[in-house]
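One structure below.
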Amino acid sequence: MINKNVIALGFVSFFTDMASAMVTSILPIFIVYTLDQGVDKLGYVVAIATFVSYAFRILFGYLSDRLQIVKPFVVAGYLVSAVTKPMLAWAVNWQQVALLRGLERMGKAIRAATKDSLISAYSEGKSGRSFGFHKMMDVAGEMSGALIAFTALYWLGKGESVFRELFAWTLVPGILAVLIVLLFVRDVPYQSKKRTNSFDWRADRGLLPLLFLYFGFVFFLFNDSFFLVSAKEAGYSVATIPLLMVLYNFIQTLLSYFFGVQIDRTSPRAVLGIAMLFGLGAMGALYWQQVIVGFILLGIFTVAGLNAIRACISDEAVNKGTVYGIFYGGVALFGAAGATVIGLVWKQYGEADAILFSMAGLTILLLAYLLYFWRDFKASKILGQ
């Protein structure tokens, strides 16, 4: 059985990510084509949002461990995100979009590491299942938001006013999420909130190779925003592009709990290696203009990889909040740098060369990962042992 607090947090994420997908499934098109700001400017927006979203998780993860504050950070983070998403309705250039996305992602930074710590506290020894369920609800919300965006574009048209109305309506699911976390999620038990001033950093250094190989993968792999622009370049209409995000999120919803179970049965590191293989395959599909296959494989990488690394931290880290913060901070730095570089390569040399650049880096990192963690694969049931 999954703890009722984890279930409640699942619904919080459902509504929050519904609002997020109402934005993210159309925002790349809004920036590049409606505002006519260019793919390189999209790269800057993605980089800024990614950096803010993840870098500040280090601070709030540390503060969570240091002060033993969990739920207040979670509530504050969801509230910030809920009130800033609708403001995109008034953005007129990429700089304003970047500022608002940065503010909205600050809310994500405030809550992310502490929310993972809260899920871990209520996992009852089944972290793979708990994170699998939570991710399933997360992506189900994203799928619902993308469907709302598709329906609006299909029935109301593809004009700029429709984009802006969608941004404004994100306030509704955002506020619902805040109310659920306030009323139905308990803070961690009092005895687990004993204040401590000591940290054993050496206890968690064994996780560093895993984290840095994942960070490298994040650097080279296309962000889903670039996947959406690739779809537009391949001939998909503006109205149908949100359906690709529906597919992307449907795959994650369908497989999230499955991968959670496999993580518990086998090894988080083994599942992460399999996820990386799917990530490389997603870029290959994009190169051959198999856009639908690319979104499917990207969805598998995202859900399997994130569940695996979160479970690994939950199971092995001593300073969980701090390590979650370091994880998200690394994703910030490498994700922001990768989005900037890929946007510039695309602008300078074209889409095909940008994809080849991505695939070359991913191939090297995948081989390094398999060599480093080969023992985990041999020990897991994935290889039939």
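The values are calculated or read from the model by the stated rules, or taken from the named source; none is laboratory data. Being a predicted model, the structure only gives us computed values, none of them experimental. Heads up, the Cβs are rebuilt from the backbone with ideal geometry, glycines too, and the neighbour counts pull from every protein chain shown. What goes into the accessible areas is simple: the full protein's heavy atoms, side chains included, and nothing from ligands, DNA or RNA. Shrake-Rupley method; radii C 1.70, N 1.55, O 1.52, S 1.80 Å.
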Debye, to nearest 20: dipole size of segment 229-373, +1 on Lys, Arg Cβ, -1 on Asp, Glu Cβ: 140
For the chain, size of Cβ-based charge dipole, Lys and Arg +1, Asp and Glu -1, in debye: 1060
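Please identify the DSSP H helices in the chain that span no less than 15 Å along the helix axis (Cα) and have a mean Kyte-Doolittle hydropathy of 1.0 or more.
Membrane-span-like by this rule: 4-24, 71-84, 171-184, 208-220, 241-265, 268-287, 291-316, 351-372.
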Computed [θ] at 222 nm, deg cm²/dmol, the chain (DSSP H ≥ 4; -39,500 (n - 2.57); rounded to nearest 500): -26500 deg cm²/dmol
Gyration tensor verdict on segment 229-306 (Cα atoms; rounded if a/c is under 1.5, prolate if a/b is larger than b/c, oblate otherwise): oblate
Point-to-point label distance, LEU367-ARG205, nm (Cα→Cβ direction, 7 Å offset): 2.9
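What is the packing order of peptides 249-262, 347-360, taking the mean over residues of other C-beta atoms within 10 Å and listing the highest first?
Descending mean neighbour count gives 249-262, 347-360.
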Order by protection proxy (mean Cβ within 10 Å, highest first), peptides 161-169, 21-29: 21-29, 161-169
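Excluding ligands, DNA and RNA, what is the solvent-accessible area per residue of the chain at a probe of 1.4 Å, expressed in Å²?
41
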Coordinate range along principal axes, alpha carbons of segment 242-385, Å, largest first: 44, 31, 29
Option label - Rg/Rh (Cα atoms, Kirkwood Rh) computed here, alternatives (1) 1.03; (2) 0.95; (3) 0.98: (2)
ALA76 versus THR151: modelled label distance in nm, points set 7 Å from Cα along the beta carbon direction: 3.6
Packing rank of 218-230, 62-74, 85-97, 37-49, where each peptide gets the mean count of other beta carbons within 10 Å, highest leading: 218-230, 37-49, 62-74, 85-97
For the chain, with +1 on Lys and Arg beta carbons and -1 on Asp and Glu, the positive-most of LEU79, LEU356, THR24 along the dipole: LEU79
